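Okay, so here's the structure we're looking at.
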Amino acid sequence: MTDARPDLGTDDLPGGPAADVPDRGPGADAPTRRPSWRRVGPGIVVAATGVGAGDLVATLVAGQAYGYALTWAVVVGCVVKIALAEATGRFHLATGTTVVEGWRSLSRWATGYFGVYVVVWGFVYGATAMTASALPLAVLFPDVLPLWGWGLLCGVAGLVLVWTSRYAVFEVLMTVLIGVMFVVVVGLAVLVVPDVPAILAGLVPRVPDGSVIYTLGLVGGVGGTITMAAYGYWVNAKGWRDRGWLRVMRWDNRIAYLTTGVFVLAMLVVGAELLSTLAPLTEGDRGLLDLGAVLEERFGRAVSVVFLVGFFATAFSSVLGVWNGVSLLFADFVTVVRSGQGSPARSEHPERGLPFRLYALWLTFPPVVLVVVGQPFQLVLAYGVLGALFMPFLALTLLLLLNSPRVPQGWRNGVLSNVLLAAAGLLFVVLCVAQVRSLLAG
């Protein structure tokens with residue numbers, strides 16, 4: 001039996017149960033697999049990749065400025081990201097194609113935009129990710145290497161690991177890193193003694209004066225940007241390639257983003273309880289070094305060192321995830337562009353192909369120049385504008401694709417999925433306008 005569902009079913013929430021519909025498309029006769037804890041994997045990878053050091057600082061600042069008043073935004077953010085990731089995974093499993101092929105079927109502008117975006121984004125993100133990974137190492141081992149040396153070492157380590165590791169090994173590495181992140185950050189939240197009644201009160205939606213951008217950022221900013229589009233590729237790499245895996249994919253997706261929600265809430269607790277009476281953190285990844293200094297002053301050097309290890313795990317998981325996931329996206333982009341409108345014959349192991357490896361090299365070596373000399377304003381501006389535009393692009397193109405004949409009738413969006421994707425698209429448009437105005441003004 002297929003794990004399909006009617007368009008207007010009452011169980012339209014991503015991850016809900018399904019009903020049979022007539023469908024003889026690809027994978028229609030695939031047996032339905034049952035969810036289990038041992039099958040969780042790709043969701044953990046996308047969640048670990050999406051939570052970066054800069055996201056943690058943004059959450060800390062929100063907690064520092066507004067306490068627990070924005071707890072509800074963390075919950076809404078989890079629902080939004082579950083909907084987006086479910087839509088990406090469902091498109092891959094329901095159609096037997098990829099999201100890049102879907103963009104090509106919409107219009108050449110979609111693949112053209114992605115092609116420009118992924119090149120510019122990769123150049124600047126490579127420097128950002130390597131710097132974030134290098135910061136805690138430079139503090140822990142100050143006399144071993146300069147910051148750019150640690151950054152290059154982290155980038156090369158990521159390159160070697162994604163070149164030489166098959167998906168199963170890559171998933172284990174990411175699971176270990178997110179395990180370290182989770183234990184350190186949640187342990188820290190317990191250490192500072194959260195105000196549970198205030199957390200529960202914060203579940204009631206309200207927007208304090210001056211908190212609109214922070215609220216939108218918590219809803220839309222934590223848990224992935226371009227790497228959300230890589231979720232379907234990791235689902236396929238796991239061996240989930242037909243509709244029989246949809247229930248498993250939805251389970252995997254929900255567990256991953258619920259874990260992310262707990263992680264983000266823990267950082268909000270730390271900001272509210274530990275930093276509320278202190279000066280604002282430094283912007284960007286370096287704000288976590290401020291937190292490390294506060295922890296050392298209050299709890300001692302050992303706690304600060306453990307936190308810096310968690311900081312490194314958070315940053316390096318993003319290096320590994322992007323080096324693998326976005327390289328998969330780029331490799332598929334090259335294949336789709338070469339093949340035209342048709343469905344390309346993809347390799348079973350794209351990570352062994354030249355496009356994948358060239359993009360991983362692009363992420364690693366050219367950005368070292370930015371790590372050493374700093375990031376030129378014009379490039380940062382271009383990166384910021386393109387980055388702000390990607391999430392509206394993803395949400396709106398998924399909305400188009402999953403309501404089109406490209407997807408078999410029983411697997412298209414229902415009412416709730418359409419509402420969630422449309423709301424996500426609107427949210428990201430507002431965030432995009434705010435970020436672009438901020439970049440141009442600054």
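Okay, here's what the table says:
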{"quantity": "Residues (part of a helix (DSSP H, G or I) and surrounded by fewer than 17 Cβ atoms within 10 Å (Cβ to Cβ)) located in the stretch 136-146", "calculated": "LEU140"}
{"quantity": "Check on VAL303, part of a helix (DSSP H, G or I), surrounded by fewer than 21 Cβ atoms within 10 Å (Cβ to Cβ) and out of contact with any Lys or Arg (no Cβ under 6 Å at 6 or more places or on another chain)", "calculated": "yes"}
{"quantity": "When residues of the stretch 397-410 are limited to those that are in contact with a Leu (Cβ under 8 Å, 6 or more places away or on another chain) and assigned to a helix (DSSP H, G or I), the one surrounded by the most Cβ atoms within 10 Å (Cβ to Cβ)", "calculated": "LEU398"}
{"quantity": "Index of the failed condition, ASP55 passing every other in (1) within 30 Å of ASP195 (Cβ to Cβ); (2) in contact with a Leu (Cβ under 9 Å, 6 or more places away or on another chain); (3) in a helix (DSSP H, G or I); (4) not basic (Lys, Arg)", "calculated": "(2)"}
{"quantity": "Exclusive hit being under 25 Å from ALA157 (Cα atoms) and either modelled with pLDDT of 85 or more or crowded, with 17+ Cβ neighbours inside 10 Å (or both), set ARG338, ARG357", "calculated": "ARG357"}
{"quantity": "Residue in the stretch 262-295 that is nearest to the chain's Cα centre (by Cα), counting only those that are at pLDDT 90 or above and of a type in the set (Gly, Ala, Ser)", "calculated": "ALA266"}
{"quantity": "Sole exception among (1) surrounded by 19 or more Cβ atoms within 10 Å (Cβ to Cβ); (2) in contact (Cβ under 8 Å) with a residue 24 or more places away in the chain; (3) within 16 Å of VAL309 (Cα to Cα) for TRP150, by number", "calculated": "(2)"}
{"quantity": "Pair list, Cβ < 8 Å and 6+ apart or interchain, from the stretch 160-183 residues that are in contact (Cβ under 8 Å) with a residue 60 or more places away in the chain to residues that are outside any helix (DSSP H, G or I) and crowded, with 17+ Cβ neighbours inside 10 Å", "calculated": "TYR167/LYS238; GLU171/GLY41; GLU171/LYS238; THR175/GLY41; MET181/VAL51"}
{"quantity": "Residue list for the stretch 387-422, restricted to those being at pLDDT below 90 and either of a type in the set (A, V, I, L, M) or in contact with a helix residue (DSSP H, G or I) (Cβ under 8 Å, 6 or more places away or on another chain) (or both)", "calculated": "GLY387, ALA388, LEU389, PHE390, MET391, PRO392"}
{"quantity": "Count - residues of the stretch 100-135 that are over 20 Å from LEU363 (Cβ atoms) and surrounded by 22 or more Cβ atoms within 10 Å (Cβ to Cβ)", "calculated": "4"}
{"quantity": "Scope the stretch 424-435; condition more than 10 Å from PRO392 (Cα to Cα) and either touching a Pro at 6+ places or on another chain (Cβ under 9 Å) or of a type in the set (A, V, I, L, M, F, W, C) (or both); matching residues", "calculated": "VAL433, ALA434"}
{"quantity": "Residue satisfying all of: in the stretch 170-211; among the small types (Gly, Ala, Ser) and on the phi < 0 side of the Ramachandran plot; modelled with the lowest pLDDT among these", "calculated": "SER211"}
{"quantity": "Index of the failed condition, PRO376 passing every other in (1) modelled with pLDDT under 85; (2) crowded, with 19+ Cβ neighbours inside 10 Å; (3) closer than 24 Å to ALA134 by Cβ", "calculated": "(2)"}
{"quantity": "Elements of type helices (runs of 4 or more DSSP H) in the stretch 154-248, at least 1 residues being in contact with a Gly (Cβ under 6 Å, 6 or more places away or on another chain), under 29 Å from GLY102 (Cβ atoms) and not hydrophobic (A, V, I, L, M, F, W, C)", "calculated": "167-191, 231-237"}
{"quantity": "Some residue of the stretch 353-373 being outside any helix (DSSP H, G or I), of a type in the set (A, V, I, L, M, F, W, C), within 25 Å of VAL119 (Cα to Cα) and in contact with a helix residue (DSSP H, G or I) (Cβ under 9 Å, 6 or more places away or on another chain)", "calculated": "yes"}
{"quantity": "In the stretch 310-335, the residues that are surrounded by 24 or more Cβ atoms within 10 Å (Cβ to Cβ) and without any contact (Cβ under 8 Å) to a residue 40 or more places away in the chain", "calculated": "ALA331"}
{"quantity": "Among (1) at pLDDT 90 or above; (2) under 24 Å from VAL169 (Cα atoms); (3) within 18 Å of the chain's Cα centre (by Cα); (4) buried (at least 24 other Cβ atoms within 10 Å of the Cβ), the one test that LEU246 misses", "calculated": "(3)"}
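The values are calculated or read from the model by the stated rules, or taken from the named source; none is laboratory data. Note that this is a predicted model, so its numbers are computed, not measured. Don't worry about glycine lacking a Cβ; one is built from the backbone with ideal geometry, like all the others, and counts go over all protein chains shown.
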